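Have a look at the structure below, then the notes.
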Amino acid sequence: MPQPAAGRPMRCACDSLVELHGEEAARYSREHVEKLDVDPLNWLVRYRCPDTGRLWIRDFPRGDPQAGGPPRLRQLHEDGNPMVEAGRD
C-alpha cells in the first residue's frame with residue numbers, strides 16, 4: 001500500500017494496484033479516492049481517483065457474513081468492467 005508523505009493524503013496507486021481487500025480497501029476508499037455515487041440495493045459504491053480520474057468500485061463479495069463481510073475495492077476500465085492488470089485500459 002502506498003504511504004503518504006508526512007502531512008499529505010495517501011499516494012495514488014492506480015498504476016500499480018487493481019484490487020484491494022479488507023482494511024486496505026477501506027483505507028484507500030476513505031483516504032484517497034472520492035465517492036461518486038452509492039447503490040444501496042447492491043451494496044456498491046463508485047469512486048474516482050483525484051489524481052488520474054480512474055474509476056473504482058467498492059463491493060462486498062461475501063454476502064453470507066453479517067454486513068457483507070470485508071470490502072473489496074476494484075479499479076474499473078472505462079467500460080465499467082474490473083481491470084485484471086494494473087494501469088491497463
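Here are a few things to note about the model shown:
- Some residue of the stretch 18-29 being in a loop (DSSP other than H, G, I, E, B) and either surrounded by fewer than 17 Cβ atoms within 10 Å (Cβ to Cβ) or out of contact with any strand residue (DSSP E or B) (no Cβ under 8 Å at 6 or more places or on another chain) (or both): no
Here is a yes/no grid of residues against (1) at positive phi; (2) modelled with pLDDT of 95 or more; (3) surrounded by 14 or more Cβ atoms within 10 Å (Cβ to Cβ); (4) not charged (D, E, K, R):
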residue: Leu36; (1), (2), (3), (4): no, yes, no, yes
residue: Trp43; (1), (2), (3), (4): yes, no, yes, yes
residue: Ile57; (1), (2), (3), (4): no, yes, yes, yes
residue: Pro61; (1), (2), (3), (4): no, no, no, yes
residue: Pro65; (1), (2), (3), (4): no, no, no, yes
residue: Pro71; (1), (2), (3), (4): no, no, yes, yes
residue: Arg74; (1), (2), (3), (4): no, yes, yes, no
residue: Pro82; (1), (2), (3), (4): no, no, yes, yes
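The values are calculated or read from the model by the stated rules, or taken from the named source; none is laboratory data. Values in this document were obtained by computation on a predicted structure and should not be read as measured data. Counting neighbours? That spans all protein chains shown, and the Cβs are built from the backbone with ideal geometry, glycine included.
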